[in-house]
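Down below is the structure, laid out as structure tokens.
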Amino acid sequence: MNVKAKAWDAIGADFWHPSYYSGPTQAEVGQFLRGVDAGASLCILGASTISLIRACLERSSDVTVIDFSEGMLTALKSEIGESRCRTIRHDLLDPPPPELSGIFDAVFSDRLINRFDDREMPVACRNMFQLVGKAHLARHKVRLGFYERDIAILEAGRRNGTLANFYFPLTQEIDYSRATTELSELLAASGEVPQDKVRKFHKYRGLEKRPSLDEIVIYHERIRGCRLLATEVSEAVAQDLFFDFTSI
Ligand SMILES: C[S@@+](CC[C@H](N)C(=O)[O-])C[C@H]1O[C@@H](n2cnc3c(N)ncnc32)[C@H](O)[C@@H]1O
């Protein structure tokens, strides 16, 4: 079992609390769905991306959500209705099963790529791309560089002399599970979501890479049959970029 799933099992529906949920915004949902035909077969990677899932359900009755967290999938079903879309429990670090390979017209993810470490990221990109049918679309939104919270944690680490415990500059990786003291100082201001849940969430998220634009492009260039079609800056956050890939 991938221990990172425990993070999402812990947070569940609380991830969508207005004090915590960070989108995609309505404008970004518009960017995700631009050029996508009504009735297309759509796949959203990550049950947490509920605003996009809702919009996909308005556009098509053929919607699939893939996630490795049972807790997140259960939370999604109780939020949108048990049978509104197909839900599949699957870890994207594993290749998709044959029945899911190449079957979707469009595959979407919102900052899911940011949840992987340096070793996992190219593997996950490859596995996500396997879901896309010929001449169809994978559209991923990726945060480039650091999150605001990363910067605060890095500063705290510098102050405390603990930076080397949880920040790895060569690969641009941060391990929140090793920055518990620094995190505790920051999390007090996280709003209505219970602190123990937020702490558990960050503990199990573990090691994550902060990728550059070039790295995302290179990982996909190495995938046979994958071509970069376009990039577009998010209308909500200038640091977030949409990448469109097609399967040739
Ligand atoms: C879409 S991502 C990122 C969510 C949010 N936009 C953010 O910036 O934090 C989170 C979702 O992906 C799922 N997820 C994370 N890693 C996964 C993996 N290896 N395989 C399948 N699902 C995964 C989580 O369970 C969660 O529901």
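Just to check I understand the Karplus step: with θ = phi - 60° and J = 6.51 cos²θ - 1.76 cosθ + 1.60, what whole-Hz values come out for the stretch 233-246, glycine and proline as x?
6, 4, 6, 9, 9, 4, 7, 9, 10, 8, 10, 9, 10, 10
Under the rule of -39500 (n - 2.57) per DSSP H run of 4 or more residues, summed and divided by the residues of the chain, what mean residue ellipticity at 222 nm is obtained, to the nearest 500 deg cm²/dmol?
Counting only the DSSP helices, I get -10500 deg cm²/dmol.
Starting from the Cα-Cα distance between Arg84 and Ala236, subtract it from 0.36 nm times their residue separation and give me the gain in nm to one decimal.
Extra length from Arg84 to Ala236 when fully extended: 51.9 nm.
What lysines could a cross-link reach from Lys203, if we take a straight Cα to Cα line under 26 Å and drop same-chain neighbours fewer than 8 places away?
Excluding near neighbours in sequence, the set is Lys4, Lys6, Lys77, Lys141.
Please determine, in degrees from 0 to 90 and to the nearest 10, the orientation of helix 148-160 with respect to the longest principal axis defined by the Cα atoms of the chain, where the helix direction is its Cα long axis.
Approximately 20 degrees, to the nearest 10.
Can you bin every Cα-Cα distance in the stretch 28-96 into 10 Å intervals starting at zero and give me the percent of pairs per bin, rounded to whole numbers?
It works out to 21, 53, 25, 0, in whole percents.
If amide hydrogens are placed 1.01 Å from N in the peptide plane, which non-local residues have theirs closer than 5 Å to the one on Val233?
Phe242
State log₁₀ I(q)/I(0) for the stretch 8-62 at q = 0.26 Å⁻¹ as given by the Debye formula over alpha-carbon point scatterers of equal weight, solvent excluded.
-1.06
Only four residue types carry charge here, +1 at the Cβ of Lys and Arg and -1 at the Cβ of Asp and Glu. Report the dipole size of the stretch 73-160 about the Cα centre in Debye, rounded to the nearest 20.
Here the size comes out at about 160 debye.
Placing +1 at every Lys and Arg Cβ and -1 at every Asp and Glu Cβ, with all other atoms neutral, what dipole size does the chain have around its Cα centre, in debye to the nearest 20?
Magnitude of the dipole: close to 280 debye.
Would you order Ser109, Ser19, Ser184 from fewest to most other beta-carbon atoms within 10 Å of each residue's own beta-carbon?
Placing the least packed residue first, the sequence is Ser19, Ser184, Ser109.
Based on the inverse mean of 1/r over its pairs of different Cα atoms, what is the Kirkwood hydrodynamic radius of the stretch 174-248, in Å?
In the stretch 174-248 this quantity evaluates to 15.3 Å.
For the stretch 148-209, with only Lys/Arg (+1) and Asp/Glu (-1) charged at the beta-carbon, what is the dipole magnitude about the Cα centre, in debye rounded to 20?
Using Cβ point charges on Lys, Arg, Asp and Glu, the stretch 148-209 gives about 180 debye.
Which listed residue (Ser19, Leu207, Gly145) has the Cα farthest towards the positive end of the charge dipole for the chain, taking +1 on Lys and Arg C-beta and -1 on Asp and Glu C-beta about the Cα centre?
Of Ser19, Leu207, Gly145, it is Leu207.
Which number do you get for Rg(Cα) / (2.2 N^0.38 Å) in the chain?
Relative to the rule-of-thumb radius for its length, the chain sits at 0.99.
Across the stretch 132-139, in residue order, what do the Karplus-derived ³J(HN,Hα) couplings come to in whole Hz, using 6.51 cos²θ - 1.76 cosθ + 1.60 with θ = phi - 60° and x for Gly and Pro?
7, x, 4, 6, 10, 10, 10, 10
I'd like the GluC sites (Glu not before Pro) in the stretch 153-248 restricted to DSSP loop residues with at most 12 other Cβ atoms within 10 Å, sorted by number.
Glu192
Bear in mind these aren't lab numbers, they're just calculated from the coordinates by the rules spelled out. Owing to the predicted nature of the structure, the values given are computational and were not obtained by experimental measurement. Cβ sites come from the backbone with ideal geometry, for glycine too, and all protein chains shown count toward neighbours.
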